[in-house]
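Student: Before I ask anything, let me first share the structure, which is written out below as structure tokens.
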Amino acid sequence: MKFRTGVLVGLVAALTAGCTLAGNDSASGPSTVTLVTHDSFAAPQQVLDAFQQQTGIKINVVKKGDAGALTNTLVLTKANPIGDAAFGVDSTFASRALSEGVFTPYTSPEADRGPQRYAVDSEHRLSAVDLGDVCLNIDTGWFAQHGVPAPATYDDLVKPQYKDLLVVENPATSSPGLAFLLGTVARYGEQNWQNYWTQLKANGMRADAGWEEAYGQDFSGSSGKGPRPIVVSYASSPAAEIGDDGKPRTKALLDTCYRQVEYAGVLAGSPNAANAQKVIDFLLSQQFQATVAENMYVYPAREGVALPASWTTAAPLPPNPASLPAATVQAGREQWISQWRSLLGQ
């Protein structure tokens, strides 16, 4: 989605006028910081250019798949880092990155504006940038047209009336798929979640490899016009499905959400750590945070950042999302994924 011109001009002006970021070194030419991200990273070029003008730092973005693939890459290359900073390791994978020593401690002066609420590490190796809560999404038009009451909870999905209507993502290969699995562990407990998935399988659930296939091809409420009206996606997804009447064609089921936070940090072993810290400051700044909703369809971690007006009704932030402690996720993640694969035959 294109960023609104008036807002963008204001952001650029704020950056070029100066903010809390460090001073300009551009007289001697730009210093490049390589930011390793997931594939969904997006920022207005004008805002990146304004940051470079003010600080003398050019951000070179290198994309490495989804959050899971990104984390794997960072772990495998930790002895010889492929960048200086990273963005996009989320709360489902953060414990792995931290236990592997991928990031180095850094406390940004911007962190106390809200990101500290989502801290997962006492050493401050990761700073929260945004929230992308994972929830079931439904195609409201499909249910209206077929005279079927829309589901609202996890329990609804195993009822006969929703047979063959759900598509999820494989938690072994998809970040939202893993978040949904963790949500069911949080909801039903470590002893009972497998029974729930057995019922989902018996009720015709489909499991795709990733979000792009599940949402873009199999979900009836997206542009792909697939056959299934229930999908695992994000609380913010309906904001991308607003029709000509100004109303969203889809709805997130807020009682099925699992909190997913995306983090950024300075990579351990980077020879350019000082400038990488300035990039972390930038990602937490008011100027960048004001762009994340309309460019990445996520909620800013910083307090006091206004959301697009349409999000009030189309994509409200879930009030009580489920979550699991990072230590619990770290201890159980690989076992749960293995059990899921055995259960589903994948």
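The values are calculated or read from the model by the stated rules, or taken from the named source; none is laboratory data. A quick note: this is a predicted structure, and the numbers were derived from the prediction, not measured. Note: ideal-geometry Cβ built from the backbone for every residue, glycine included; neighbour counts use all protein chains shown. Accessible surface is based on the protein model in full, side chains and every heavy atom, while ligands, DNA and RNA are left aside. Shrake-Rupley method; radii C 1.70, N 1.55, O 1.52, S 1.80 Å.
Student: For A214, what is the net charge nearby, where nearby means another residue's Cβ is under 9 Å from its Cβ and Lys, Arg count +1, Asp, Glu -1?
Tutor: -3
Student: Using Cα-Cα distances under 8 Å and only pairs 6 or more residues apart, what relative contact order does the chain have, in percent?
Tutor: Dividing the mean separation by the residue count of the chain yields 24 percent.
Student: As a test, work out the antiparallel percent of DSSP beta bridges whose residues both lie in the chain, rounded to the nearest 5.
Tutor: Beta bridges within the chain, antiparallel portion: roughly 60 percent.
Student: How large is the helix-only mean residue ellipticity at 222 nm for the chain, computed as the sum of -39500 (n - 2.57) over DSSP H runs with n ≥ 4, divided by its residue count, in deg cm²/dmol to the nearest 500?
Tutor: Rounded to the nearest 500, the figure is -9500 deg cm²/dmol.
Student: Could I ask something else about it? Mind telling me which of Q46, Q289, Q330 comes out most flexible in a GNM of the chain, alpha-carbon contacts under 10 Å?
Tutor: Among Q46, Q289, Q330, the largest GNM mean-square fluctuation belongs to Q46.
Student: Please sort 101-113, 82-94, 239-251, 290-302 by packing, taking for each peptide the average over its residues of neighbouring beta carbons within 10 angstrom, highest first.
Tutor: Highest mean packing first, the order is 82-94, 290-302, 101-113, 239-251.
Student: Sticking with this one: Hey, quick one: spin label on A273, modelled 7 Å out along Cα-Cβ, who in the stretch 109-148 has an amide N within reach, i.e. under 11 Å?
Tutor: none
Student: Rounded, prolate or oblate for the stretch 171-302? Axes are the square roots of the Cα gyration tensor eigenvalues, ordered a ≥ b ≥ c, and the cut-off for rounded is a/c under 1.5.
Tutor: Cα axes put the stretch 171-302 in the oblate bin.
Student: For the pair T328 and N60, what calculated FRET efficiency results from E = 1/(1 + (r/R0)^6), where r is the Cβ-Cβ distance and R0 = 30 Å, to the nearest 0.05?
Tutor: It comes to 0.25.
Student: So, one more: With +1 on each Lys and Arg Cβ and -1 on each Asp and Glu Cβ, and nothing else charged, work out how big the dipole of the stretch 245-318 is about its Cα centre, in Debye to the nearest 20.
Tutor: Its charge dipole is roughly 100 debye.
Student: If you work out mean projected area of the Cα convex hull in nm² from the coordinates, which of (i) 17.0; (ii) 15.2; (iii) 20.9 do you get?
Tutor: Identified label for the calculated read-out: (i).
Student: Further question: Please calculate how many Å² of accessible area the stretch 61-124 carries per residue, with a 1.4 Å probe and no DNA, RNA or ligand atoms counted.
Tutor: Per residue, the stretch 61-124 has 42 Å² of solvent-accessible surface.
Student: Report the one residue of G243, A301, A276 whose Cα lies farthest in the direction of the positive end of the charge dipole of the stretch 225-346 (charges on C-beta: Lys and Arg +1, Asp and Glu -1; origin at the Cα centre).
Tutor: Positive-end residue among those listed: G243.
Student: Could you check how much of the accessible area of the chain is carbon and sulfur, as a whole percent, using a 1.4 Å probe?
Tutor: Taking all protein chains in place, the chain shows 49 percent carbon and sulfur surface.
Student: On alpha-carbon atoms, Rg over Rh for the stretch 28-84 using Kirkwood Rh?
Tutor: Across the stretch 28-84, the Cα-based Rg/Rh ratio is 1.04.
Student: To the nearest 20 Debye, how big is the dipole of the chain about its Cα centre, given +1 on the beta carbon of each Lys and Arg and -1 on that of each Asp and Glu?
Tutor: Taking the Cα centre of the chain as origin, the dipole is about 220 debye.
Student: Taking the Cβ of D130 as the center, what net charge do the other residues with Cβ under 14 Å away carry, scoring Lys and Arg +1 and Asp and Glu -1?
Tutor: Value of the local net charge: -2.
Student: Show which lysines lie in cross-link reach of K201 when reach means a straight Cα distance below 29 angstrom and same-chain residues fewer than eight apart are skipped.
Tutor: Excluding near neighbours in sequence, the set is K159, K163, K225, K251.
Student: Find which of A186, Q346, G221 sits farthest along the positive direction of the dipole of the chain, computed with +1 on the beta-carbon of Lys and Arg, -1 on that of Asp and Glu, about the Cα centre.
Tutor: About the Cα centre, the residue reaching furthest to the positive side is Q346.
Student: For T77 and K225, compute 0.36 nm times the residue count separating them, minus their Cα-Cα distance, and round to one decimal in nm.
Tutor: 49.3 nm
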